[in-house]
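The values are calculated or read from the model by the stated rules, or taken from the named source; none is laboratory data. Fair warning: this is a prediction, and the values are worked out from it, not measured in the lab. Glycine gets a Cβ as well: all are built from the backbone with ideal geometry, and neighbour counts include every protein chain shown. What goes into the accessible areas is simple: the full protein's heavy atoms, side chains included, and nothing from ligands, DNA or RNA. Shrake-Rupley method; radii C 1.70, N 1.55, O 1.52, S 1.80 Å.
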Amino acid sequence: MLDAKLKVDVEKDIRAVVAEILETEPDQIGTDAKFVKDLGMDSMMALELLASIEKKYRIVIPEEALPKFTDLRVTVNIVEGILKKK
């Protein structure tokens, strides 16, 4: 089980990456805001997000998980799941 501090850090880190890619402030990224529909992320930005997450955490995100990266909450949960197995 990931401890609470790591959980907060993963969310904070991913929120910061999303904000950087979208060129906005981290506090503008709602936990349940849909990356494409609500925030205007396009496919190139989504690939940049995934590459940034993989690099930061030194993980490989399985290809079948890619379509599930729809909002911050789901993204954090998937990344935490991968980190638990690491």
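Per-residue ellipticity at 222 nm for the chain, helices alone: DSSP H runs ≥ 4 residues times -39500 (n - 2.57), over residue total, nearest 500 deg cm²/dmol?
That calculation yields -18500 deg cm²/dmol at 222 nm.
For the chain, what is the accessible area per residue in Å² when the probe is 1.4 Å?
Numbers: 5700 Å² over 86 residues.
For the chain, the per-residue accessible area is 66 Å².
In the range 33-63, what trypsin sites (Lys or Arg not before Pro) fall in a loop by DSSP, with at most 16 other Cβ atoms inside 10 Å?
Sites meeting the loop and neighbour criteria: Lys37, Arg58.
On a full-extension model of 0.36 nm per residue, what is the gain between Lys34 and Lys85, subtracting their alpha-carbon distance, rounded to one decimal in nm?
Result: 15.7 nm gained on full extension.
If you average 1/r over every pair of different alpha-carbon atoms in the chain and take one over that average, what Kirkwood value in Å do you get? Present the calculation step by step, with values, prior to reporting the outcome.
Numbers: mean 1/r = 0.0776 Å⁻¹.
This gives a value of 12.9 Å.
In nanometres, what is the gap between the two model label sites at Ala16 and Glu63, each 7 Å from Cα along Cα-to-Cβ?
3.2
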